[in-house]
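A short worksheet on the structure shown next.
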Amino acid sequence: MRVGIVGAGVAGLAAAKTLQELGHEVTLFEGRHEVGGQVVTFPVGGTPLECFYHHLFTSDTVAIRYIHELGLGHHLRWIEPYNGHLVNGKRYPFVTPFDLLRFDAIPLASRIRLGLVALYLRRQADGLDKYENVTARGWMERAVGSRAFNAFWGPLLRGKFADHADDVGMVWLWNKIYLRFASRKGTGSKESLGYLEGSFRRYYTALAGLIEGRGGTIHLNTNAEQVSVEDGAATGLRAGGEFFPFDQVLMTTPNIITRRIAPDLPADYAAILDSVKYQWATCLVLTLNRPLTDMYWLSIADDLPFVACVEHTNFMRPEDYDGNHILYLSNYVSPGHPVLEMEADEVFEHYLEGLKVINPRFDPSWVREKWFFKDPGGQPVIGTNYSKSIPPFRTGVPGLYLANTTQVYPEDRGQNYSLRLGEEVAALMDRDAPSVAAAKGAWI
Ligand SMILES: Cc1cc2nc3c(=O)[nH]c(=O)nc-3n(C[C@H](O)[C@H](O)[C@H](O)COP(=O)(O)OP(=O)(O)OC[C@H]3O[C@@H](n4cnc5c(N)ncnc54)[C@H](O)[C@@H]3O)c2cc1C
């Protein structure tokens, strides 16, 4: 088959590689000037850095496999990060579960309850069945009590889902806790997070190189404008003003874009796509002439205009970035939020007081450079009974498929799961080849 793929993020690249291994020809269309999608990088001090912070958990076995298969295993570093939680202007370390006992923002009884509930959840392998129809807030607030919820889980949910925080399903939160604990070796041990020295760009550009080396084509700076459907079946793509005929088409775009480029989707499938809401991901990236803190990941429970402060150079060495100290100030916002209209300088002004809460000595003269990145498909909102909102790979139009982050469940979206989706959808497209050809009336 000749297969057209919209999007050269990691899902599109994994699908392309797998389809080639199954004997098919692939052509990818990527709107940006480079591959990588949400893992895309920009140079800092001569070294590529992700526009949005990225690391791996030890449970990300598919991503780890790709890195090793591409011969990059020697660049993969596993680090025990120094993480924390900011409450009432105080930074609390959260490295081992015992740090919970020192979390004096809440009474001791609440701390113990918070810890016991986390221990309980890490043992629930069947959370998907148990928690499908309950909200994270409803379940968690009952389990840990209001004080612990308001100091810990509540701000984390609000930080990621803003106005939708109260609608988030417990399956999402359960799985986060379940997998985060899996990244620790024992109850008292520290978490290990993985990073590819020189950025994850190493593996996705290697993957793109492998695909092209095998005869695949990647059109960069080429937006797919519309999927062509004739007699009810996908026949190709219009991209960059040209028509490309294909036997099958795969879209790896967020639902909002998918709806635009595929206007002929069956109504019930389109309704599923429309039912999933997204939060924009935003990151203000700063390079500083000194560290802001000694922590890698600081979750913010206080009412600041950002929800996490991720100090990348407390994870990797500043020397790797020509001595720059790198800070991500992350926020997830609903469409229409005023920050989406701002430039980096304006966002910085808006965040300045928050930086001083984290470190009262912070001074704007520490800042060398600023960048502001945003992505409308940053985070699908995973509500209760989410399994009913997952669009199938098959769109209902013979020959037209979708693989995107709304199909990652019960895990939270991540490179690992997009790579896995790419492999799974490719295998399905291969299996469907005879029936799609028959639906199009082709002779096989
Ligand atoms: C803030 C943030 C932090 C994250 N942190 C982590 C982390 O720590 N660890 C981790 O593993 N994962 C993390 N992720 C998630 C991870 O980056 C994503 O799950 C993964 O990259 C999604 O890949 P994808 O291929 O499914 O989608 P995308 O990366 O969105 O790829 C879709 C591609 O389609 C292209 N496109 C869109 N429209 C068109 C069009 N019309 N024509 C052609 N091309 C088009 C886009 O440019 C894009 O390249 C993070 C994501 C964000 C936003």
When you scan segment 8-56, how many residues do you find that are within 23 Å of L284 (Cβ to Cβ) and in a strand (DSSP E or B)?
8
Scan (1) in a strand (DSSP E or B); (2) away from the ligand (no atom under 15 Å from the Cβ) for the single condition A270 breaks and write down its number.
(1)
Within segment 317-349, restricting attention to residues that are within 16 Å of the ligand (Cβ to nearest atom) and assigned to a strand (DSSP E or B), which residue is surrounded by the fewest Cβ atoms within 10 Å (Cβ to Cβ)?
V333
Show the residue pairs meeting these rules: Cβ distance below 7 Å; 6+ apart or different chains; first residue within segment 419-433 and within 23 Å of H68 (Cβ to Cβ) and in contact (Cβ under 8 Å) with a residue 12 or more places away in the chain; second residue among the hydroxyl-bearing types (S, T, Y) and within 12 Å of the ligand (Cβ to nearest atom).
L419/Y66
State which residue is surrounded by the most Cβ atoms within 10 Å (Cβ to Cβ) when the search covers only segment 372-395 and only residues that are among the basic types (K, R) and touching a strand residue (DSSP E or B) at 6+ places or on another chain (Cβ under 8 Å).
K374
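So is E21 within 30 Å of G399 (Cα to Cα) and charged (D, E, K, R) or not? Even if it seems obvious, please write down each step before you answer.
On the way: within 30 Å of G399 (Cα to Cα): yes; charged (D, E, K, R): yes.
So E21 passes the test.
Would you mind finding the one in T27, T41 that is touching a residue at least 12 places away in the same chain (Cβ under 8 Å), more than 27 Å from M316 (Cα to Cα) and more than 8 Å from the ligand (Cβ to nearest atom)?
Values: T41 fails: more than 27 Å from M316 (Cα to Cα).
Just one listed residue meets the conditions, T27.
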Identify, from the list E225, E230, the residue that is charged (D, E, K, R) and more than 14 Å from the ligand (Cβ to nearest atom).
E230
Only one of (1) within 14 Å of the ligand (Cβ to nearest atom); (2) outside any loop (DSSP other than H, G, I, E, B); (3) under 19 Å from the mean Cα position of the chain (by Cα) does not apply to L298, and that is (1)
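Among the candidates Y386, Y401, Y409, single out the residue that is touching a Ser or Thr at 6+ places or on another chain (Cβ under 8 Å), of a type in the set (F, W, Y) and within 19 Å of K160 (Cβ to Cβ). Give the derivation first.
Numbers: Y386 fails: touching a Ser or Thr at 6+ places or on another chain (Cβ under 8 Å); Y401 fails: within 19 Å of K160 (Cβ to Cβ).
Sole residue among the options that is touching a Ser or Thr at 6+ places or on another chain (Cβ under 8 Å), of a type in the set (F, W, Y) and within 19 Å of K160 (Cβ to Cβ): Y409.
Only one residue in L13, L19 is more than 7 Å from the ligand (Cβ to nearest atom), outside the structural domain of N331 (by TED's automatic domain parsing) and over 26 Å from K374 (Cβ atoms), so which one is that? Please lay out each step first, then the result.
Values: L13 fails: over 26 Å from K374 (Cβ atoms).
When all the criteria are applied, what remains is L19.
The values are calculated or read from the model by the stated rules, or taken from the named source; none is laboratory data. What you see is a predicted model; the values in this text were computed from it and never measured. Here Cβ is always computed from backbone atoms with ideal geometry, including for glycine, and neighbour counts include all displayed protein chains.
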